[in-house]
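Below is one structure, written out as structure tokens, with a few remarks after it.
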Amino acid sequence: MQLAQQPLVPGVERDAAAQELLEGVSSLVRAVRCIEHRHLAGDGGLRRSDASVLKVLMKDGEQRGGEIAGKLGVDASVVSRQLTALEADGLVSRRPDPADARVGLVSLSAQGKAQLEALYSSYTRQLRTALADLDDDALVAAAATMQRVAVAITEANKVVRRNPKTGD
């Protein structure tokens, strides 16, 4: 692969390898969003953000809305509104937290689990078809690299958030 030699923004120094990675990640995000949009559009209202909440619940089990918000990197009020809608749709259920009656615990309902499993099964089939020329080892290696990049960017972002002016 030949890296582009011209800066994306004239007058800004170009780190070709980092810019190529950024462009590759951006292209991948757009491609995944196109798949999600097509699958979610026919779903009758499940949004990407809703699927993210359901996925956290499926992976980590029953928890407080604030915990979900922290895992998704959004404000608790955002998740609270989502949970109200998801509960109305029968995709999650809430119960009082026995340790603190002021707080509720949220769990994935059977309907929510079935809907999320169907969605990701469809994604997986489409991805497998699109990447049919890659074997399992290549897919696992690509996933590991993407996870390393995601963790590194997330950690770097935490440092910037601590002191946005200096990065310390």
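The values are calculated or read from the model by the stated rules, or taken from the named source; none is laboratory data. What you are looking at is a predicted structure, and each value in this text was computed from that prediction instead of being measured. Reconstructed Cβ throughout: ideal geometry from the backbone, glycine too, with neighbour counts over all protein chains shown. Surface accessibility is based on the protein's heavy atoms, side chains included, excluding ligands, DNA and RNA. Shrake-Rupley method; radii C 1.70, N 1.55, O 1.52, S 1.80 Å.
For the range 132-156, give me each residue that is within 22 Å of LEU22 (Cβ to Cβ) and of a type outside the set (Val, Ile, Thr).
Of all residues in the range 132-156, those within 22 Å of LEU22 (Cβ to Cβ) come to 141-156.
ALA141, ALA142, ALA143, ALA144, MET146, GLN147, ARG148, ALA150, ALA152, GLU155, ALA156, listed by residue number.
In this structure, does SER121 turn out to be closer than 14 Å to MET58 by Cβ and modelled with pLDDT under 90?
Working: closer than 14 Å to MET58 by Cβ: yes; modelled with pLDDT under 90: yes.
Yes.
Among the residues of this structure, VAL92 counts as one that is under 19 Å from ARG48 (Cα atoms), open to solvent by less than 90 Å² (accessible area, probe 1.4 Å) and of a type in the set (Val, Ile, Thr).
Taking the range 69-79 as the range and being farther than 20 Å from LYS59 by Cβ and open to solvent by less than 60 Å² (accessible area, probe 1.4 Å) as the test, only SER77 passes.
Take the conditions over 28 Å from LEU28 (Cα atoms) and surrounded by fewer than 16 Cβ atoms within 10 Å (Cβ to Cβ) and apply them to ALA150. Does it pass? Here the answer is no, as ALA150 does not meet what is asked.
Working only within the range 72-108, note down all residues that are assigned to a strand (DSSP E or B) and in contact (Cβ under 8 Å) with a residue 24 or more places away in the chain. VAL92, ASP97, VAL103, GLY104, LEU105, VAL106, SER107, LEU108 - these are the residues of the range 72-108 that are assigned to a strand (DSSP E or B) and in contact (Cβ under 8 Å) with a residue 24 or more places away in the chain.
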